[in-house]
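Following: one structure in structure tokens, then a few remarks.
None of the figures in this text is laboratory data; all of them are computed from the coordinates on show. Every value quoted in this text rests on a predicted model; they were computed, and no experiment measured them. Quick reminder, even Gly has a Cβ in these numbers, built from the backbone with ideal geometry, and neighbours come from all protein chains shown.
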Amino acid sequence: MKKLLAMSTLAGLLSLATIAEASAWTRYGTYYGPRGVSTVHVSGGCGYRYCSRTAVRTGPYGNTYVRQTTVSRW
């Protein structure tokens, strides 16, 4: 019985990982301004009841800003 429970739990976790990767997305951008080049990399995805998004921005002087957001869908 314990082996059956462990296997079904593992199968459930693997199916959640597949769902999360199926809805994943990524965006890149490069901006040229008067002070230099800035880049942005944004990625996100949704899994079981949760969606997350991460944005990484790098300015022309090398300063990096990271913002991470997670929301639940009920």
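A full extension of the chain between SER23 and ALA55 corresponds to an added length of 9.8 nm, given 0.36 nm per residue minus the alpha carbon distance. Placing pseudo-labels 7 Å out from each Cα toward the beta carbon at VAL37 and ARG67 gives an inter-label distance of 2.4 nm. Each Lys or Arg adds one and each Asp or Glu subtracts one; over the other residues with Cβ under 15 Å from the Cβ of THR70, this totals +4. The residues neighbouring VAL42, those whose beta-carbon lies less than 13 Å from its own, together hold a net charge of +4 under the Lys/Arg +1, Asp/Glu -1 convention.
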